[in-house]
Structure formats: C-alpha cells, structure tokens
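**Q** Here's a structure for you.
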Amino acid sequence: MHMADALLAPGVAVGMAAASAVAAGVSVWQLKKEDDPKRLPTMAVTAALVFAGQMINYTIPGTGSSGHICGGMLLSALLGPYAGFLSMIVVLAIQCFFFADGGLMALGANVWNMAFYGCFVGYFLLWRPILRGRLFSGMGAKAAGRAKIILASILGCVVSLQLGAFSVVLETSVSGITELPFGAFVALMQPIHLAIGLVEGVVTAAVLLFVYEARPELVRDVTVREGEKQKGSLRMTLVVLALAAAVIGGGLSLLASSNPDGLEWALFGNSEAGYSENMGLDEESFGIESEAAERAGSIQESSSFLPDYAFPDSDSPAGTTVSGLAGSAIVAAVALLLCLVFGFFRKRKKAKANG
C-alpha cells in the first residue's frame, strides 16, 4: 500500500504529513510519561521484524495480486499504540529513504494509511476492548487469552487495512487524479485488501500467540495471573524474534511473490500473467507531475543505496538478502536510539523532580 508521489497533489501530501506529524507528536508526548525498561529491546526487535515481514509479499490466489503485512497491529499489541506508531514511522521512513519504497513526498500519507489505523483505531477500538472484555469467559483463562488474541488480531488487521485502502482512494480523489474514478477504485481496493488483511491477521495472531505463550506480560492488555510460570526468558523470547527477523529478511524474502501488491494491482492490473488490467494505467506515466514530486524524487534517488531492495543495476538475489539484513539492522538501531533518547529525558525529568 506504499503510495508513490505521483498519486498525490502536493497540497494533499502536505496535509497528510501534517496529520501524521500531529499523531507522532502526541505519541512522543505520551511516551515521555511512560517508564518501561522492557520496551527498549522489545521495540528494536519487533520493529526489525515488521521491516523484514514487509519484504515478503504473499500471493492472493486467483487474483494476480499479492500483499504484505503492515505491522501496526502487531507493534501496538506488543509496545502500545504510541511506541508502535513511532516504530512504524521508523520502518516506513527507512524503506522510503534507503530502499525507495514509497514516495518521499507521500511519506506522510503512507504513515497515516499504514500506521495510524492499525496503531490507534485497531488498538483502541478493537484490541483493547476485546482483550479486556469478557468474551470466551467460559473457557479457561489461558484458552480465553488465546482466543481473544486471535479474534482481535484478525479483526484489527482487516479493519485497519480497509480504512487504509479507503484512505488511499480518498487521497487520490482529492488530488484530482481523474484516471481513478472513485467508485471503480473503491471496488478494486477494498476487496483485495480484505484478503490481504485476513492473511496479515493470521500472521499477526501467530506471532502474538508465540509471545503470549513465552512471556505473556509482553502482550498488551492480557491478564497475567500472579505466580504464573513463564515458559521462556525475556532474553530468549527476543532472541527468537530477532532470529526470525534475520531469517525472514535475509532468506525467506527471496521467496516473495512477484505479483503486484494490492495498490499496484488496482492501478495497473496483471495482464501479463493472464489476469485483469483493472484501472489499466501506464506505469511509466500516470498520476500527477509536480515540481515538489520531482525534488522529492531526486532526494530519494540520492539517498537510496539499495533501491527496490536490490543492488543497483543488478538482478542478483544477494541484493534482496543484503537489503533484508541491512534494513532490519538499521530499523532496530534507530528504534533503539529512540528508546534511549526517551529514557534520557525521563531520567532528567526525574532528577529535576527529586532535586
């Protein structure tokens, strides 16, 4: 669902960047008040895992399309909505600047579409009410926890992707792209992202169930009984997730589907593989040309050292492996740096209060 700059008018791009910046500011303000030492390593590892996970496009059977996880629900379930949202910004910004994935001018819109809904709407309207509610109360506590995680993960991912996909349609419509009639674009975007969201929900539930079994206190809003025996240490749980990020980004990413993702499929179709043309736009010349987009494109071209997750002018699969490993490491390092900065300001605040 990464939007290109050509899909947005500069004014719309600025508006979406402002909206995302406000949400980021609120998240920073909220995190300054929290003090959770477990968040530092967890944020680094889970952000890297989401980066790696987004490199794997899974085929949507019978459509000629593919999809990948967004990760907002996963991160907010483990880190909370505010740290989850900032982690998603780190992931999307690094994809944009270093791998030319999504337009630079469109970064604010991509943050809103792919992060805001999962981290805030999905968490506050679905995850937290379901996990804190009395659903499945007839089961044992552990079984009820598992059932709630599965339900909240699937519903949260489906709803957040539907909202994100609809936002893409609205943003292109407001931008005045007449080649994308509103009704036809909606009719293509919503069903394909329903399928993508269902798969993401299952993947998200699987990861969260692993964490729930190993260290349930890492999963937000679950009930942890006093004296409950943990099946794994915090360090071992995070090591497993870090290894998963390395294996997915450095190895399994080589098996990613070559079919266009949901947004590309809606715009251009996949007639070369015998599927529909859908909107049938020309990939070389579509959308809006603007001076702002050209400037953003030149900046992105100079900053992206592995464009499209590959070595420049090379088809070597090693480029994908290096991209997965390097990108995951960079994301983890930046997320770790953010945690350290927040920790520094919290300590200064405490020192002033005690002084």
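The values are calculated or read from the model by the stated rules, or taken from the named source; none is laboratory data. All values reported here derive from a predicted model rather than from experimental measurement. With ideal geometry, Cβ positions are generated from the backbone for all residues, glycine too; neighbour counts draw on all protein chains shown.
**Q** Please go through segment 218-246 and give me each residue that is free of Cβ contacts under 8 Å to residues at least 60 places away in the same chain and in a helix (DSSP H, G or I), ordered by number. Break it down stepwise before answering.
**A** First, pick out the residues of segment 218-246 that are free of Cβ contacts under 8 Å to residues at least 60 places away in the same chain: 224, 226-233, 235-237, 239-240, 243.
The answer is R235, M236, T237, V239, V240, L243.
**Q** Among the listed residues A256, A214, A245, A292, which satisfies the condition of being over 26 Å from L75 (Cα atoms) and not charged (D, E, K, R)?
**A** Numbers: A256 fails: over 26 Å from L75 (Cα atoms); A214 fails: over 26 Å from L75 (Cα atoms); A245 fails: over 26 Å from L75 (Cα atoms).
From the options A256, A214, A245, A292, the qualifying one is A292.
**Q** I would also like to ask the following. Can you tell me how many residues within segment 261-277 are outside any helix (DSSP H, G or I), among the acidic types (D, E) and within 22 Å of V199 (Cα to Cα)?
**A** Going residue by residue through segment 261-277, those that are outside any helix (DSSP H, G or I) are 261, 269-270, 274-277.
From what is left, the residues that are among the acidic types (D, E) are 261, 277.
Subsequent filtering for residues that are within 22 Å of V199 (Cα to Cα) retains 261.
Going through segment 261-277 one residue at a time, the tally reaches 1.
**Q** Does at least one position in segment 307-319 carry a residue that is surrounded by 10 or more Cβ atoms within 10 Å (Cβ to Cβ), farther than 28 Å from P61 by Cα and charged (D, E, K, R)?
**A** No, the conditions are met nowhere in segment 307-319.
**Q** If you go through segment 168-195, how many residues are free of Cβ contacts under 8 Å to residues at least 40 places away in the same chain and of a type in the set (G, A, S)? Don't jump to the end; show me each part of the working.
**A** As a first pass, look at segment 168-195 and keep what is free of Cβ contacts under 8 Å to residues at least 40 places away in the same chain: 169-170, 173, 178, 181-183, 186-187, 190-191, 194.
So of that shortlist, the ones also of a type in the set (G, A, S) come out as 173, 183, 187.
The qualifying residues number 3.
**Q** Looking at segment 125-139, is at least one residue of a type in the set (D, E, K, R), under 12 Å from A77 (Cβ atoms) and either crowded, with 22+ Cβ neighbours inside 10 Å or at pLDDT 95 or above (or both)? First the steps, then the outcome.
**A** The initial filter retains those residues of segment 125-139 that are of a type in the set (D, E, K, R), namely 128, 132, 134.
Right, trim to under 12 Å from A77 (Cβ atoms) and you get 128.
Filter once more, keeping what is either crowded, with 22+ Cβ neighbours inside 10 Å or at pLDDT 95 or above (or both): 128.
Within segment 125-139 (the criterion being of a type in the set (D, E, K, R), under 12 Å from A77 (Cβ atoms) and either crowded, with 22+ Cβ neighbours inside 10 Å or at pLDDT 95 or above (or both)), the answer is yes, since at least one residue qualifies.
**Q** Checking S153 against (1) surrounded by fewer than 16 Cβ atoms within 10 Å (Cβ to Cβ); (2) touching a Ser or Thr at 6+ places or on another chain (Cβ under 7 Å): exactly one of these is not met. Which one?
**A** Unmet condition: (1).
**Q** Q190 - would you say it is out of contact with any Asp or Glu (no Cβ under 7 Å at 6 or more places or on another chain), over 15 Å from A77 (Cα atoms) and modelled with pLDDT of 95 or more?
**A** Values: out of contact with any Asp or Glu (no Cβ under 7 Å at 6 or more places or on another chain): yes; over 15 Å from A77 (Cα atoms): yes; modelled with pLDDT of 95 or more: yes.
For Q190, the condition - out of contact with any Asp or Glu (no Cβ under 7 Å at 6 or more places or on another chain), over 15 Å from A77 (Cα atoms) and modelled with pLDDT of 95 or more - is met.
**Q** Ok, one more. Select from segment 250-274 the residues that are in contact with a Leu (Cβ under 6 Å, 6 or more places away or on another chain) and touching a residue at least 60 places away in the same chain (Cβ under 8 Å) and write down the one among them that is nearest to D308 (Cα to Cα). Don't jump to the end; show me each part of the working.
**A** Step one: of segment 250-274, the residues in contact with a Leu (Cβ under 6 Å, 6 or more places away or on another chain) are 250, 266-268.
Among the residues that remain, those that are also touching a residue at least 60 places away in the same chain (Cβ under 8 Å) are: 250, 266-267.
Working: G250: 15, A266: 20, L267: 19 Å.
The selected residue is G250.
**Q** Look through L218, L241 and report the one residue that is under 27 Å from S160 (Cα atoms), of a type in the set (A, V, I, L, M, F, W, C), buried (at least 19 other Cβ atoms within 10 Å of the Cβ) and more than 18 Å from the chain's Cα centre (by Cα).
**A** L218
**Q** Return the residue satisfying two criteria in turn: it lies in segment 290-321 and is free of Cβ contacts under 8 Å to residues at least 40 places away in the same chain, assigned to a helix (DSSP H, G or I) and under 16 Å from D101 (Cβ atoms), and of such residues it is farthest from the chain's Cα centre (by Cα).
**A** Restricting to residues being free of Cβ contacts under 8 Å to residues at least 40 places away in the same chain, assigned to a helix (DSSP H, G or I) and under 16 Å from D101 (Cβ atoms), the top hit is S302.
**Q** Please work out if S285 is modelled with pLDDT of 90 or more and either touching a Phe, Trp or Tyr at 6+ places or on another chain (Cβ under 9 Å) or within 27 Å of E171 (Cα to Cα) (or both). Let's see the steps before the verdict.
**A** Numbers: modelled with pLDDT of 90 or more: no; either touching a Phe, Trp or Tyr at 6+ places or on another chain (Cβ under 9 Å) or within 27 Å of E171 (Cα to Cα) (or both): yes.
So S285 does not fit the description; no.
**Q** I've got another one for you. What number of residues within segment 163-184 are assigned to a helix (DSSP H, G or I), in contact with a helix residue (DSSP H, G or I) (Cβ under 6 Å, 6 or more places away or on another chain) and surrounded by fewer than 24 Cβ atoms within 10 Å (Cβ to Cβ)?
**A** Qualifying residue count for the region: 7.
**Q** Shifting gears a bit: Among (1) of a type in the set (G, A, S); (2) assigned to a loop (DSSP other than H, G, I, E, B); (3) more than 30 Å from A318 (Cα to Cα), which single condition is S257 missing?
**A** (3)
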